[in-house]
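Peer 1: The structure that follows is given in the form of structure tokens.
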Amino acid sequence: MKAIRNLVLLLILSITASGIPLYADSFDFDSLATPSAASVAIEASTIDNASDNIGVEVILTTTDKHIPVIFNERPLLLDIYSDDKLVKSINYDDAAQITPQLETFITPNTPVKFYLELNQEKLDLSNGSYTLMIKTVSDLLTLGTISVPLHFDTDFSYKPALQNIDRRESALLLYFPDNEYDYLIPITRVVPYTTTPLRKTVDELLKGPDRSLGIPTGTFIPTPQLGLNGRTANIYLPADIGVFQTQSTTSRIAYETFVNSLTSINEVDKVQFYFNRKIVEAGFHDLYVKDPVASPEGPRLYLGSLTENGRLLLTPDFVGSIGVTIDKLFDMLKVGGHNAYRFSRIAAVPQEVQLISHRMEDTTLVLTLNEAFATIYQDKPAHRDFMLEAMLYSFSSLDGVEVVQFELEGVTDYTGHNIPLGTPIIPSKYINPEK
């Protein structure tokens with residue numbers, strides 16, 4: 001307010017210096033209204049609303065004559081929520097495109113306007129619906145917080161699982177790290193038929209993933225010698241395996257790549273590691289490797305990993321077996337796992353889809369959903385296929401579930417829907433085909 005009064009004094013001095021008579025009773029000091037929340041209205045709306053880049057305009061208006069306002073250097077506090085949960089606080093400077101003068105007036109003819117640009121990738125936010133909460137920061141004016149609904153929906157490509165392969169081919173399940181090195185992604189690589197799947201799997205792992213996938217390329221395991229004892233694959237490594245021993249992330253990825261990839265072979269149940277032809281207590285940066293290691297068991301939440309090439313890959317997230325019910329797993333499919341709300345993490349099920357009921361029929365889990373399940377992605381086949389397969393693989397990871405069947409509430413005639421309804425579905429072994 002002091003700065004505003006200084007402006008008024010400068011105005012008076014200027015008029016006096018010009019020789020124009022100025023009388024105290026002729027100056028309307030009441031035209032400088034005292035600011036109050038009641039005299040100022042704040043509105044916000046989205047404009048230039050693209051699927052991954054949203055413009056937000058914030059406008060302060062008044063019906064009074066003149067409202068002086070002094071804003072903080074960062075005049076708006078910006079928070080993004082999802083279902084009443086704070087997801088991210090945004091630095092004003094990162095979003096602001098147009099900022100008014102920090103010391104100004106609001107009049108009926110001159111509202112104060114801000115323009116914000118919210119880029120989904122820059123904000124590192126996943127696809128989905130959010131609420132932007134906006135609060136002004138001013139020394140003279142205290143206004144309430146207003147909200148603006150946001151919806152991000154970056155497009156992606158998706159390849160459904162293969163249902164079968166040629167008898168002259170073999171399908172190998174190879175695990176490679178995602179771009180953040182948080183998860184291992186199962187990739188199906190089809191090769192000419194092989195009678196030595198253990199050797200072939202390791203050889204293909206050493207080649208790394210195809211560049212077209214958009215995930216890190218290169219070799220993520222040390223080169224081993226191999227053996228098969230019953231249903232246990234023996235991995236023989238030298239005593240010194242370099243970065244696979246000294247770097248924790250690299251070591252963890254190598255260990256998990258061996259275990260997950262090799263136990264996906266029909267003839268292999270466990271993996272036994274040897275260092276310098278000996279079984280040791282610890283390896284791979286102090287991981288316990290004395291005993292044979294089986295593939296991890298328990299419920300898995302399948303989310304989408306968005307790669308640098310815009311392809312979405314189904315990615316399992318082990319969620320633990322304690323307290324994981326069908327209803328809880330469905331709710332988790334709407335959020336996206338431990339690293340939720342990240343740009344590269346896409347949750348499979350939109351909020352509009354609701355699980356009405358479920359029942360078990362022998363080993364078949366029957367899920368009854370609302371109509372949105374069949375209609376929400378009618379014009380987006382990649383989104384639809386991803387949602388279906390993420391649900392299929394997630395629920396079939398539950399103990400006792402081998403088959404999943406989808407139904408709609410109150411609907412018995414499923415003709416006209418381009419989504420599998422009323423039919424038992426067994427998840428394919430050939431997830432995430434590489435090409």
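Peer 1: Could you tell me whether any residue of the stretch 394-401 is farther than 13 Å from VAL366 by Cβ, surrounded by 16 or more Cβ atoms within 10 Å (Cβ to Cβ) and acidic (Asp, Glu)?
Peer 2: no
Peer 1: Filter the stretch 138-154 for residues that are under 30 Å from the mean Cα position of the chain (by Cα) and of a type in the set (Ser, Thr, Tyr) and give the result.
Peer 2: THR145, SER147, THR154
Peer 1: Follow-up. With respect to LYS135, determine if the residue is within 20 Å of the chain's Cα centre (by Cα) and in the same structural domain as GLU43 (by TED's automatic domain parsing). Break it down stepwise before answering.
Peer 2: Numbers: within 20 Å of the chain's Cα centre (by Cα): no; in the same structural domain as GLU43 (by TED's automatic domain parsing): yes.
Criteria not met by LYS135.
Peer 1: Let me ask you something else. Just for strands (runs of 3 or more DSSP E) wholly inside the stretch 199-286: which have at least 2 residues that are of a type outside the set (S, T, N, Q) and closer than 24 Å to ASP317 by Cα?
Peer 2: 270-275
Peer 1: Identify all residues within the stretch 398-435 that are in contact (Cβ under 8 Å) with a residue 60 or more places away in the chain and either within 18 Å of ILE356 (Cα to Cα) or not hydrophobic (A, V, I, L, M, F, W, C) (or both); write none if there are none.
Peer 2: Listed by number, the residues that qualify are ASP399, PRO424, PRO427, SER428, LYS429, TYR430, ASN432, PRO433, GLU434, LYS435.
Peer 1: Take the residues in the stretch 41-59 that are part of a strand (DSSP E or B) and of a type outside the set (Val, Ile, Thr); name whichever of them is farthest from ASP94 (Cα to Cα). Spell out the reasoning first.
Peer 2: Initial filter on the stretch 41-59 (part of a strand (DSSP E or B)): 41-47, 53-59.
This time we only want the ones that are of a type outside the set (Val, Ile, Thr), so: 41, 43-45, 53, 55, 57.
Values: ALA41: 25, GLU43: 21, ALA44: 18, SER45: 19, ASN53: 13, GLY55: 13, GLU57: 15 Å.
This residue is ALA41.
Peer 1: Which residue is surrounded by the most Cβ atoms within 10 Å (Cβ to Cβ), if the candidates are limited to the stretch 157-196 and must be aromatic (Phe, Trp, Tyr) and in the same structural domain as THR257 (by TED's automatic domain parsing)?
Peer 2: Only one residue fits best here, namely PHE176.
Peer 1: Filter the strands (runs of 3 or more DSSP E) completely within the stretch 302-397 down to those with at least 3 residues that are in contact (Cβ under 8 Å) with a residue 24 or more places away in the chain and within 27 Å of TYR414 (Cα to Cα).
Peer 2: 355-361, 364-369
Peer 1: Being farther than 16 Å from ASN179 by Cβ and among the polar types (S, T, N, Q) narrows it down to one residue among THR232, THR249, THR217; which is it?
Peer 2: Values: THR249 fails: farther than 16 Å from ASN179 by Cβ; THR217 fails: farther than 16 Å from ASN179 by Cβ.
Only one candidate passes the filter, namely THR232.
Peer 1: Shifting gears a bit: Please verify whether the stretch 253-260 includes one or more residues that are touching a strand residue (DSSP E or B) at 6+ places or on another chain (Cβ under 8 Å), surrounded by fewer than 14 Cβ atoms within 10 Å (Cβ to Cβ) and under 18 Å from VAL293 (Cβ atoms). If you could, list the steps in order and put the result at the bottom.
Peer 2: Residues of the stretch 253-260 touching a strand residue (DSSP E or B) at 6+ places or on another chain (Cβ under 8 Å): 253, 255-260.
Those still in the list that are surrounded by fewer than 14 Cβ atoms within 10 Å (Cβ to Cβ) too: none.
No, the conditions are met nowhere in the stretch 253-260.
Peer 1: So, THR194, is that one within 19 Å of ILE235 (Cβ to Cβ) and either in a loop (DSSP other than H, G, I, E, B) or among the acidic types (Asp, Glu) (or both) or not?
Peer 2: So THR194 passes the test.
Peer 1: Would you be able to tell me the number of residues in the stretch 42-69 that are modelled with pLDDT under 90 and touching a Leu at 6+ places or on another chain (Cβ under 7 Å)?
Peer 2: The number of residues fulfilling the criteria is 3.
Peer 1: Can you tell me how many residues in the stretch 102-139 are of a type in the set (S, T, N, Q) and more than 30 Å from THR63 (Cβ to Cβ)?
Peer 2: Adding up the residues that qualify gives 5.
Peer 1: Working only within the stretch 398-435, note down all residues that are under 20 Å from ARG300 (Cα atoms) and in a strand (DSSP E or B).
Peer 2: VAL403, VAL404, GLN405, PHE406, ILE425, TYR430, PRO433
Peer 1: Quick check: is even one residue across the stretch 73-87 small (Gly, Ala, Ser), surrounded by fewer than 18 Cβ atoms within 10 Å (Cβ to Cβ) and assigned to a strand (DSSP E or B)?
Peer 2: Here is the first cut: in the stretch 73-87, the residues small (Gly, Ala, Ser) are 82.
Next cut, surrounded by fewer than 18 Cβ atoms within 10 Å (Cβ to Cβ) only: none.
The answer is no; no qualifying residue exists.
Peer 1: May I pose another question? State whether one or more residues within the stretch 309-327 are within 14 Å of the chain's Cα centre (by Cα), under 26 Å from TYR130 (Cα atoms), of a type in the set (Gly, Ala, Ser) and crowded, with 19+ Cβ neighbours inside 10 Å.
Peer 2: Here is the first cut: in the stretch 309-327, the residues within 14 Å of the chain's Cα centre (by Cα) are 310-317.
Among the residues that remain, those that are also under 26 Å from TYR130 (Cα atoms) are: 310-317.
Going one step further and asking which of them are of a type in the set (Gly, Ala, Ser), we end up with 310.
Keeping just the survivors that are crowded, with 19+ Cβ neighbours inside 10 Å gives none.
No: zero hits.
Peer 1: Considering only residues that are of a type outside the set (A, V, I, L, M, F, W, C) and not in a strand (DSSP E or B), which ones fall in the stretch 126-148?
Peer 2: Result: SER126, ASN127, ASP139, THR142, GLY144, THR145.
Peer 1: Determine the pairs where a residue that is over 26 Å from GLN101 (Cα atoms), located within the stretch 121-142, has a partner that is assigned to a loop (DSSP other than H, G, I, E, B) and among the hydroxyl-bearing types (Ser, Thr, Tyr) with Cβ atoms under 7 Å apart, the partner being 6 or more residues away or on another chain.
Peer 2: The qualifying pairs are LEU125/TYR341; SER126/TYR341; ASN127/THR154.
The values are calculated or read from the model by the stated rules, or taken from the named source; none is laboratory data. Here the structure is a predicted model, which means the values were calculated and not measured. Here Cβ is always computed from backbone atoms with ideal geometry, including for glycine, and neighbour counts include all displayed protein chains.
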